[in-house]
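To start, the structure under review is shown below, and the notes come after it.
The values are calculated or read from the model by the stated rules, or taken from the named source; none is laboratory data. Values in this document were obtained by computation on a predicted structure and should not be read as measured data. Cβ atoms come from the backbone with ideal geometry, glycine included; neighbour counts cover every protein chain shown. Please note that ligands, DNA and RNA were not included when accessible areas were found on the heavy atoms of the full protein model with its side chains. Shrake-Rupley method; radii C 1.70, N 1.55, O 1.52, S 1.80 Å.
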Amino acid sequence: MTNHSNKSALTTLVTVFFFWGFIAASNGVFIPFCKTYFDIDQFQSQLVDFAFYGAYYLGALFLFILSGYINKDILNHWGYKTGIVYGLLFSAVGAIAMYFFVNGAQQGETIVFYLVLMALFIVGLGFSLQQTAANPFAIALGDPQKGSHRLNLAGGINSFGTTIGPIIIALIIFGSAPPSGEELTRMIDNNEVTLSTVQALYLGVAISFVLAAALFYFSKKLPQAKSDATFEMAYKARNLLIVLSIIITICFAMIFMTYTGNAETTKAIEHKRLLLLFIALLAVISSIWVAYRSANKKPQGWGAMKYPQLLLGMLGIFMYVGVEVTIQSNLGELLKSVVDKVNNLNALKLPAMNDAEIAPYISLYWGGLMIGRWVGAITVFNPTEGLRKWLLIIVPYVAFGVILMVNYGKYDFQEIAFFSICVAIQIIGFFLAKDNPVQTLKLFSVLGILGMLIGTFASGQLALFALLSGGLFCSIMWPCIFTLSIAGLGKYTSQGSAFLVMMILGGAIIPPVQGKLADVFSIQTSYLIAAACFAYLLFYAFATKSTLDKQGVKY
């Protein structure tokens, strides 16, 4: 293809990245609404993320196992373009299912909430197929050396979806005038705010998915783009992932069983639920550690997992997606949590907010990811060194301006000033990192740890914006981790990419863990798990550099 064709194809491709961002970020508004509407606890509300991101893992795992069974890479056989079309249509089925599942639902019908989770799971399965195809597709549309920059550009579009998603969803569900907390409860009690609005929303989403699938199918600018890599089944990796899936399934099934019946929730039951969640979390960490040790001694049968940088990166993607999702998924509860009923203050000692008032802060968090990804995409346009330095300063504030326009009138001057300082810290980080993925991970992991600790132990605007800055510091991590993890894999690159996509599982496990920590301890204290995720990413930066240096691999 010509360079012009590459750009046209990339323009078409990034539409699916927008969909991922719009739907994923909308969960941040949908979760607190579900908690109020269905009268569920914080852990149960986080099952929205469990269903959505768990589908990524199970979808990629199913393709991997099925490919091994027929001894052929299914996605490569279809082609990346066809894989995206199938994924969009599958997601459309989930969106249509949502329409029928919530039809006539009333407040407090918990069974309907589980049907909602099922629909989101189907949407997530489609997204899993789209993501598995779209990431290598973006890399295939040009010079492989600039593949990560194209991913950053696509990620910037994804983040634009995450920025406007919460605002649009809040407008659909609550209307343009946010009700007070008491008014919202009254409206729900009187069925003035119902799930019928969700029906209309997901019907529109289904239509959008079908139109996007048609755009891809009929576009002559998009090649099929298949990988030339020879398929090789990694039976030891397959068996390990199956065992891991069984352990996670058993843990969550046992947790679900504690919610059945009319038994009163006790402290002992809450601790049991928390223990089971930590077992699921430790199962993921232990599985990767077992693979790391075993593949080092006898690499046969492990496929791409015989490379330590991939295994380190799998856990890196798990922690990265987990922390990116959990910060915003629990933010709504933090901003609603009233501990001072006299002054109506929440855990941060800020005025307690309702679901609609939370949306601009969810948007600001996801907007932080957009800011970083727009900066990361600068290299795609080949600017001179002098221009690049100026763009590192200008682009973040242009992106911030877009966020302010989308949320016009939602922030006061002090809030704008706070976030502007956070953006300035991010810019300093970009200058110090000098486009080096290892240095970028080190710097932004440290900033992420500091942000989460300040958010946990401080109060007021300082704590709030320390937590919101997590989006800024997460923003650039995906392409850094992805690039470092598949460096030096050779013919195993395609399989390694699939394993990395599976580890989006972090978005399914870490938010429920934080949700249960919030139930047992406090919502603000629960953010320590986000600090722990950033701490692993800091370790990953050092460990993967050492590994790649020993192999003599350039990165």
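Counting only residues that are under 21 Å from Leu47 (Cβ atoms), open to solvent by less than 20 Å² (accessible area, probe 1.4 Å) and among the polar types (S, T, N, Q), the stretch 481-534 holds 2 of them.
No other residue among Ile74, Ile31 is surrounded by fewer than 24 Cβ atoms within 10 Å (Cβ to Cβ) and in contact with a Ser or Thr (Cβ under 6 Å, 6 or more places away or on another chain) apart from Ile74. Screening Ile96, Ile40, Ile31, Ile111 for residues that are without any contact (Cβ under 8 Å) to a residue 40 or more places away in the chain and farther than 17 Å from Ser494 by Cα leaves exactly one candidate, Ile111.
Any idea which of Lys554, Lys550, Lys545 is among the basic types (Lys, Arg) and either crowded, with 19+ Cβ neighbours inside 10 Å or under 25 Å from the mean Cα position of the chain (by Cα) (or both)?
The match here is Lys545.
Can you find even one residue in the stretch 363-377 that is modelled with pLDDT under 85, open to solvent by 30 Å² or more (accessible area, probe 1.4 Å) and closer than 19 Å to Arg150 by Cα? Yes, the stretch 363-377 contains a residue that is modelled with pLDDT under 85, open to solvent by 30 Å² or more (accessible area, probe 1.4 Å) and closer than 19 Å to Arg150 by Cα.
Per the listing Phe100, Phe64, the residue uniquely crowded, with 20+ Cβ neighbours inside 10 Å and either part of a helix (DSSP H, G or I) or β-branched (Val, Ile, Thr) (or both) is Phe64. Take the residues in the stretch 379-411 that are modelled with pLDDT under 80 and either part of a helix (DSSP H, G or I) or open to solvent by less than 50 Å² (accessible area, probe 1.4 Å) (or both), then tell me which one is nearest to Ala433 (Cα to Cα). Here the answer is Thr379.
For the stretch 281-290, check the following and say yes or no: at least one residue is in contact with a Phe, Trp or Tyr (Cβ under 7 Å, 6 or more places away or on another chain), touching a residue at least 24 places away in the same chain (Cβ under 8 Å) and surrounded by fewer than 24 Cβ atoms within 10 Å (Cβ to Cβ). Yes, the stretch 281-290 contains at least one residue that is in contact with a Phe, Trp or Tyr (Cβ under 7 Å, 6 or more places away or on another chain), touching a residue at least 24 places away in the same chain (Cβ under 8 Å) and surrounded by fewer than 24 Cβ atoms within 10 Å (Cβ to Cβ). Per the conditions (1) among the polar types (S, T, N, Q); (2) at pLDDT below 80; (3) open to solvent by 10 Å² or more (accessible area, probe 1.4 Å), the sole criterion not satisfied by Gln44 is (2).
Only residues that are touching a Phe, Trp or Tyr at 6+ places or on another chain (Cβ under 6 Å) and hydrophobic (A, V, I, L, M, F, W, C) were counted in the stretch 291-322, giving 6.
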